[in-house]
Amino acid sequence: MPVAASAIYFLNLRGDVLINRLYRDDVGGNMVDAFRTHIMQTKELGVCPVRQIGGCSFFYMRISNVYVVIVVSSNANVACAFKFVVEAVALFKSYFGGSFDEDAIRNNFVLIYELLDEIMDFGYPQNLSPEILKLYITQEGVRSPFSSKPTDKPVPNATLQVTGAVGWRREGLLYKKNEVFLDIVESVNLLMSSKGSVLRCDVTGKILMKCFLSGMPDLKLGLNDKIGLEKESQLKSRPTKSGKTIELDDVTFHQCVNLTRFNSEKTVSFVPPDGEFELMKYRITEGVNLPFRVLPTIKELGRTRMEVNVKVKSVFGAKMFALGVVIKVPVPKQTAKTSFQVTSGRAKYNASIDCLVWKIRKFPGQTEPTMSAEVELISTMTEKKSWTRPPIQMEFQVPMFTASGLRVRFLKVWEKSGYNTVEWVRYITKAGSYEIRC
């Protein structure tokens with residue numbers, strides 16, 4: 001459920017109330033005394049930002065020399081409460097010239113009361129966008145002498161932005177060259193057994209965009225996801241084209257996406273913010289294309305020697321390559337000496353992490369480089385304990401490759417003036433938690 005805050009307090013480091021606002025009558029005005037007694041006057045201050053005293057919960061955060069405390073009397077979303085505090089402080093800073101401390105609050109208490117009435121209604125968060133609130137709360141705060149001067153920006157249409165759904169973009173933007181940059185960035189998480197079977201595998205991805213477009217454009221993004229292609233074929237009354245389709249799980253969108261159109265047409269339509277933003281996040285658990293396969297062989301020869309052989313095969317296209325490939329092979333703590341033979345890159349022993357570190361700066365596709373190492377161990381008089389082998393870890397970055405198979409089918413830009421745009425699309429796959437047991 002949302003925050004449903006009963007009250008919000010701003011306290012200094014001594015516990016004095018600088019300003020407060022009661023939104024509900026389910027808590028008493030003396031709740032701040034409980035916060036002082038049970039939290040501020042004990043050693044538990046700063047240990048946990050969430051405390052429950054009696055029938056109320058206290059969510060608090062320190063910014064500069066001010067404690068912001070939210071009091072709730074029912075079960076509430078803690079993450080939403082802290083997100084509200086962060087956004088509210090950013091809003092206050094935009095009015096106060098970038099500062100938020102005890103002096104700024106004392107100098108602007110009238111403005112703060114007005115803002116608190118706008119950003120929360122009966123305990124529920126409302127609009128916290130500085131660009132929108134400044135359109136109808138035009139009072140300027142008392143600025144610190146060290147704060148930066150406000151920049152003059154063209155005033156957009158207040159009625160359109162407050163009542164409409166495009167509060168994230170102002171009107172009147174103009175660029176000489178209209179461009180859209182789209183990046184699909186994926187992280188592969190893998191846990192593989194020593195026999196080569198996949199124990200866990202998934203991909204978390206996000207679509208990042210950077211827009212430099214004039215006016216109020218309407219963008220439409222098409223992906224090769226299964227549901228979207230099936231919906232398009234139904235609307236156009238024709239069979240789906242052959243090709244790989246994927247199923248997206250746990251999809252979350254930026255607020256600019258038209259969810260009504262997505263639910264009906266399964267296409268991502270939106271009026272983008274100006275500049276850089278994250279359009280959507282997703283997760284995929286089936287049909288993952290692993291960029292690398294690691295084949296390790298570790299032999300313990302007595303108590304003082306080990307042989308390590310690792311073969312890494314890149315399974316992506318021969319015209320592609322990976323950058324910054326790092327393979328970390330764990331070895332025992334009593335390692336004394338190592339010698340290596342590698343067919344590509346460089347390898348060395350890193351005593352601080354007890355690993356053989358093999359680095360390949362540029363790893364071409366469809367290749368199988370190998371590393372062979374002889375490890376000498378220090379002989380000890382004590383009884384040897386069995387060595388629990390940690391998994392091999394791998395780091396990499398593969399441009400123009402997606403482990404999920406996600407592809408952009410089209411990216412359309414429409415604006416009433418009809419200008420031409422340049423679209424750039426890039427794919428990047430990185431290692432998240434890429435581990436192979438040995």
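Some observations on this one:
- Cα-derived Rg to Rh of region 68-114, Kirkwood definition: 1.04
- Computed over protein heavy atoms with a 1.4 Å probe, the accessible surface of the chain works out to 54 Å² per residue.
- Between helix 109-119 and the chain: long-axis angle, C-alpha atoms, 0 to 90°, nearest 10: 60
- Charged neighbours of LYS430, selected by a Cβ distance under 10 Å, balance to -2 (K, R count +1; D, E count -1).
- Separation of alpha-carbon centers, region 296-328 and region 385-438, rounded to whole Å: 22
- Tilt relative to the chain, helix 226-236 - C-alpha long axis, 0 to 90 degrees, to 10: 70
- Share of pairwise Cα-Cα distances greater than 35 Å in the chain is 54 percent (whole percent).
- Restricting the calculation to alpha carbons of region 264-369 gives Rg and Dmax of 20.5, 66 angstrom.
- Computed across region 33-130, the Kirkwood hydrodynamic radius from all distinct Cα-Cα pairs reaches 14.5 Å.
- Pairwise FRET efficiency - SER194 versus VAL342, Cβ, R0 = 25 Å, nearest 0.05: 0.70
- Phi angles across region 8-21 convert, under the Karplus curve 6.51 cos²θ - 1.76 cosθ + 1.60 with θ = phi - 60°, into 3J(HN,Hα) values of 9, 10, 10, 10, 8, 5, 7, x, 6, 7, 7, 7, 8, 9 Hz, Gly and Pro given as x.
- Relative contact order, whole percent, for region 1-100 stands at 32, derived from Cα pairs under 8 Å and 6 or more residues apart.
- Helix 78-96 and the longest principal axis of the C-alpha atoms of the chain enclose an angle of approximately 60°.
- Directionally averaged projected area (convex hull, Cα atoms, region 1-74), nm²: 4.8
- Electrostatic bookkeeping for SER269 treats Lys and Arg as +1 and Asp and Glu as -1; over the other residues with beta carbon under 10 Å from its beta carbon, the sum is +1.
- Checked against a 20 Å cut-off, the cross-linked pairs LYS311/LYS333; LYS281/LYS430; LYS210/LYS281; LYS220/LYS430; LYS281/LYS359; LYS176/LYS416 give Cα-Cα distances beyond that limit for LYS311/LYS333; LYS220/LYS430; LYS281/LYS359.
- Rounded to whole numbers, the Karplus 3J(HN,Hα) couplings from phi for region 345-354 are x, 9, 9, 7, 9, 10, 5, 5, 10, 6 Hz, using 6.51 cos²θ - 1.76 cosθ + 1.60 with θ = phi - 60°, and x at Gly and Pro.
- Summed over qualifying helices (DSSP H, 4 residues or more, each -39500 (n - 2.57)) and divided by its residue number, the chain shows a 222 nm mean residue ellipticity of -4500 deg cm²/dmol.
- For the chain, DSSP calls about 90 percent of its internal beta bridges antiparallel.
- Computed extension length for LYS220-VAL326: 34.3 nm, one decimal, from 0.36 nm per residue of separation with the Cα-Cα distance subtracted.
- Karplus-derived 3J(HN,Hα) values for region 367-373, using 6.51 cos²θ - 1.76 cosθ + 1.60 with θ = phi - 60°, are 10, 9, x, 10, 10, 10, 9 Hz; glycine and proline are entered as x.
- Rolling a 1.4 Å probe over the protein chains gives ASP274 an accessible area of about 60 Å².
- Around ARG200: net Lys/Arg minus Asp/Glu count, Cβ-Cβ under 12 Å: -1
- Put simply, the amide H of ASN65, placed in the peptide plane, has neighbours under 5 Å in GLU102, leaving out anything fewer than 5 places away on its chain.
- A cut-off of 5 Å between modelled amide H atoms, ignoring neighbours fewer than 5 places along the same chain, links MET192 with LEU199, GLU435, ILE436, ARG437.
The values are calculated or read from the model by the stated rules, or taken from the named source; none is laboratory data. Just so it is clear, the structure is predicted and the values come from calculations on it, not from any experiment. Note that we place each Cβ from the backbone using ideal geometry, even for glycine, and neighbour counts take in every protein chain shown. We work out accessible area using only protein heavy atoms, side chains counted, and drop any ligands, DNA or RNA first. Shrake-Rupley method; radii C 1.70, N 1.55, O 1.52, S 1.80 Å.
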